[in-house]
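Input: a single structure, listed below in structure tokens.
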Amino acid sequence: MDKEDKSLPIWKKGAIIRGPRDRRLIALEFTGGYYAEGGTTILNELKKRHIKASFFFIGDFYRNPDFKSLIERIRDEGHYLGPHSDKHPLYASWEDPPKLLITREEFDRDLTQNLLEIERFGIPREKARLFIPPYEHYTEEIAAWTRERGMLLINFSPGTRSNADYMEDNDKNFVSSPEMVRSILTKEETDPDGLNGFLLLMHVGAGPKRTRDHLYNYLGDLLDELLRRGYQFVRVDEMLADYVPKGEVK
């Protein structure tokens, strides 16, 4: 049996879900839709440690005047800004296998509107080629349509609970922030590759109905521990530079 090449990313249904595992690099991904109460805390913790991260927002987030200064700070401090769809539509049903719920025309129109909002912040679409799908849920058709536009569909690396930080207090599947941190460190300790190449997803806000705790308040300590364990943090477009398409973004 051929030995696995850990210098290559891991793909699922046409999207990259983990970067190369031959280096101790982690890419932090933050998505945002309608809330951003953690944004300043997140940026302060990143700046304190000279860490660059990647932020993916829906078009309505980019349009919200309350978030304008936050987005400008993200841009000006050298973080990646990319698309997360314009109106956050559900692309596919939750059944297995999922059924496509959106047409190509609807997909193109929605993604184009998201890119136009990013361009308003002085970021050309050629610099926003990496795309996290809404709900982090997609099909092979979505990945193919993204490629045909000169872009790359990516997602988060499975194995931790960090992506549950949006859940409201009364959610039956509520996960506390200490549990999320524990899941990240446990994954690091038990995965043969640690967190090498990990795309670690969190949210910039959960809204007023999550009051019990917030993962962004634990971010600084988490980053310090992962730095202590020998990891470096890079933008996702840096980690995946060899796989980012070239040429025009349609």
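Read the figures in this text as sums done on the coordinates, not as results from a lab. The structure displayed is predicted, hence computed values, not measured ones. All Cβ positions, even for glycine, are placed from backbone atoms using ideal geometry, and neighbour counts span all protein chains on display.
Dipole of the range 27-241 computed with +1 at Lys/Arg Cβ and -1 at Asp/Glu Cβ about the Cα centre; of Leu28, Ile142, Leu100, farthest Cα towards the positive end is Leu28. Taking amide H positions as modeled 1.01 Å from N, with prolines and chain starts lacking one, the residues under 5 Å from Trp11 and 5 or more places away or on another chain are Ile17.
Using a simple spin-label model with pseudo-atoms 7 Å out from Cα toward Cβ, Thr40 and Lys68 lie 1.8 nm apart.
Partner aspartates and glutamates whose Cα lies under 17 Å from the Cα of Lys48, excluding those fewer than 8 positions away in the same chain, are identified as Asp76, Glu77, Asp221, Asp224, Glu225.
Summed over qualifying helices (DSSP H, 4 residues or more, each -39500 (n - 2.57)) and divided by its residue number, the chain shows a 222 nm mean residue ellipticity of -9000 deg cm²/dmol.
Each Lys and Arg Cβ is given +1 and each Asp and Glu Cβ -1; about its Cα centre, the chain then shows a dipole of about 440 debye.
Is the C-alpha gyration tensor of the range 151-198 telling us rounded, prolate or oblate? Criteria: a/c under 1.5 is rounded; beyond that, a/b larger than b/c is prolate, otherwise oblate.
oblate
Sorting 5-18, 171-184 by average packing, meaning the other beta carbons within 10 Å per residue, from highest down gives 5-18, 171-184. Remark: the Arg104-Ala144 segment gains 13.3 nm on full extension, using 0.36 nm per residue and subtracting the alpha carbon distance.
Model label sites at Thr211 and Asp224, defined 7 Å from Cα along the beta-carbon direction, differ in position by 2.9 nm. Taking every DSSP beta bridge that has both ends in the chain, the antiparallel portion is near 15%. Going through [x] 27, 19, 17; [y] 41, 21, 16; [z] 25, 23, 19, the figure that equals semi-axes √(5λ) of the Cα gyration tensor in Å as computed for the structure here is [z].
Taking amide H positions as modeled 1.01 Å from N, with prolines and chain starts lacking one, the residues under 5 Å from Phe56 and 5 or more places away or on another chain are Phe30, Thr31, Gly32, Gly82.
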